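Single-structure report; data block below.
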Amino acid sequence: MDVKKLLHTRMRVNDIERSVRFYEQIIGLKVSRRHTSPRGAQLIFLQTPNSEEEIELCQMPAGAPAVVVQPDLMHLAFEVDDLEAFARESAAKGHPFSDGPTKTSSGSMIGFIDAPEGYEVELIQRAR
């Protein structure tokens with residue numbers, strides 16, 4: 001039996017609305033659906049441009065242990081057309097890059113920005 005495709009990746013967060021604002025306003029994702037799980041967790045799915053995969057944000061009910069993201073635990077990576085323009089715009093919105101922009105040995109440019117819970121988001125401008 002073969003896996004057919006990746007459908008979504010779940011990330012637990014402490015403040016789901018704050019995280020949604022970041023992914024919508026800074027990264028440019030769109031909410032595709034919201035619901036509450038049978039266990040009472042709030043779930044919000046974010047649609048990624050030009051891709052079928054989604055990101056699922058999950059906030060557990062009150063009383064659940066807080067999310068503490070370890071440094072360099074995981075990251076999401078998105079391709080952008082102009083990394084320096086993205087860096088300027090995100091900084092102007094209060095979210096400066098935590099690292100980069102940096103040119104790689106392949107000629108691509110990469111930069112990192114921290115999401116509200118401490119998850120890293122990598123932005124990549126492919127070599128032209």
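R34 meets the conditions (1) of a type in the set (D, E, K, R); (2) modelled with pLDDT under 95; (3) over 20 Å from I113 (Cβ atoms) in every case but one. The failed one is (2).
For region 100-128, a residue qualifies if it is charged (D, E, K, R) and either touching a residue at least 24 places away in the same chain (Cβ under 8 Å) or closer than 25 Å to R10 by Cβ (or both), and the qualifying residues are D114, E117, E120, E122, R126. L73 falls short on exactly one of the conditions (1) closer than 26 Å to I124 by Cβ; (2) surrounded by fewer than 17 Cβ atoms within 10 Å (Cβ to Cβ); (3) at pLDDT below 95; (4) not assigned by TED's automatic domain parsing to the domain that holds G107, and that condition is (4).
Residues in region 102-128 that are touching a helix residue (DSSP H, G or I) at 6+ places or on another chain (Cβ under 6 Å) and either outside any strand (DSSP E or B) or at pLDDT below 95 (or both): 2 in all. Taken over region 51-99, the criterion of being without any contact (Cβ under 8 Å) to a residue 24 or more places away in the chain and part of a helix (DSSP H, G or I) is satisfied by A85, R88, E89, A91, A92. The sole residue among E24, E17, E54 that is among the acidic types (D, E) and touching a Ser or Thr at 6+ places or on another chain (Cβ under 8 Å) is E54.
The values are calculated or read from the model by the stated rules, or taken from the named source; none is laboratory data. What you are looking at is a predicted structure, and each value in this text was computed from that prediction instead of being measured. Neighbour counts are summed over all protein chains in view; Cβ atoms, including those assigned to glycine, are modelled from backbone coordinates with ideal geometry.
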